[in-house]
Amino acid sequence: MIRSVLLGTGSALPRDCVSNAELAKRVDTSDEWIRERTGITQRYIAGEGETTASLGTAAAKAALDDAGLSIADIDLIVLATATPDNTFPATATKVQHQLGGKGFPAFDVAAVCSGFLYALSTADAMLRAGMAKRAIVIGAETFSRILDWEDRATCVLFGDGAGAFVIEAQDGQDGGAGIIGSKLHAAGEHGEILYVDGGPSTTGEVGKLRMKGREVFRHAVTNLSSVLSEVLDDAGFQPADIDWVVPHQANLRILDATARKLGLPMEKVVVTVDRHANTSAASVPLAYDVAVKDGRIKKGDLVMLEAMGGGFTWGAALLRA
Ligand code: UT7
């Protein structure tokens, strides 16, 4: 049985960290409101010279180092982003070039906040189909550049960053390390709840993020708890078997409500939204890397990844670390 095994993780954040108090000097908001409604205390904002590709490259390099590999060992890059450096070429090809890779396929996946789940599932399927042996899967975003800084209901929620996994196709045993299963969903009828009001084929401009926050919240809790149960059922596990949940870091209240619905204690949920805010496709690999590096996620742990975002799109993946 071929399984995609996680060999290394890495992450990268912009230089500038902006606290709620600093944000409140520029936007009509308060530290208290942001903390109470979201759990966010600070976010990192990309500055001059920092782009989705540069953050993605830094995260990928860190993941390669963690795996003890070099770019010569890699034959696939899949990068999830909703904030590419350019409309084209794909940011994945820029990362390939910046890492010194040549010839192998590199492409972007666009599924907004659940982009990393889509990218990981795609790379996993390609590895299991024999199309590649070792992949770098990246979530990288600079959402600060598509925020309307006049809209206090959205601009306080997001941050920039990147995270990366290195995965390898291995002939494994049932019960061994690797991605055990994943599920992806989309519901295009809800596109107008969370979207960017521009694009190359419509306005010809990049546009800004627009969101009906309450509606996203409601759908998120329902969709996430149902996809988690779906993945667990398919794999023959119970919620109690999970060692760690690494969720998309949108809002502490969403994480809390989803965990509660599944009967999972918050002690098993990796939370980084307080430090990073919502970094869209970057948030799951970023949070995973933090939890590996601080010693929480250990080899052999059963870990559930999950995310939901614009589209709507959502998904979950279960892996043995
Ligand atoms: O990856 C998915 C991304 N999306 C999400 O995760 C969003 C999910 N939704 C949410 O997290 C919440 O809906 C929000 C945090 C966005 C908003 O919380 P809420 O409890 O749904 O607040 P609300 O939008 O209903 O606004 C309540 C009040 C309003 O004032 P009034 O009309 O009651 O006087 C807003 O104008 O809070 C006001 N408000 C703010 N006040 C201070 C909205 N944004 C702010 C702000 N600072 N930044």
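Read-outs: derived from the displayed coordinates by stated rules, not from any lab. Nothing here was measured: the structure is a model prediction, and the numbers come from that model. No Cβ is skipped: glycine too gets one built from the backbone with ideal geometry, and neighbour counts run over all protein chains shown.
Results, tabulated for the structure shown:
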read-out: Antiparallel bridges, percent of DSSP beta bridges restricted to the range 1-109 (to nearest 5); value: 50 percent
read-out: Cleavage-rule hits (GluC sites (Glu not before Pro)) in the range 127-181: DSSP loop, at most 11 neighbouring Cβ within 10 angstrom; value: Glu150
read-out: Interchain or long-range residues, amide H under 5 Å from Asn278's placed H; value: Phe158, Gly159
read-out: Most to least packed among 200-211, 277-288, 170-181 [average Cβ atoms within 10 Å]; value: 277-288, 170-181, 200-211
read-out: Percentage relative contact order, the chain, counting C-alpha pairs under 8 Å, at least six apart; value: 26 percent
read-out: Rounded to 5, percent antiparallel among DSSP beta bridges of the range 192-321; value: 70 percent
read-out: Packing-based order for 75-81, 50-56, using average beta carbon neighbours within 10 Å, highest first; value: 75-81, 50-56
read-out: Selected from Ala153, His219, Ile242, residue furthest toward positive end of dipole (the chain; charges at beta carbon); value: Ile242
read-out: Relative contact order (%) - the range 121-248, alpha-carbon pairs under 8 angstrom, separation at least six; value: 20 percent
read-out: Count, lysine Cα pairs under 25 Å in the chain, 8 or more residues apart or across chains; value: 23
read-out: Shape call, the chain: gyration tensor on alpha carbons, a/c limit 1.5; value: oblate
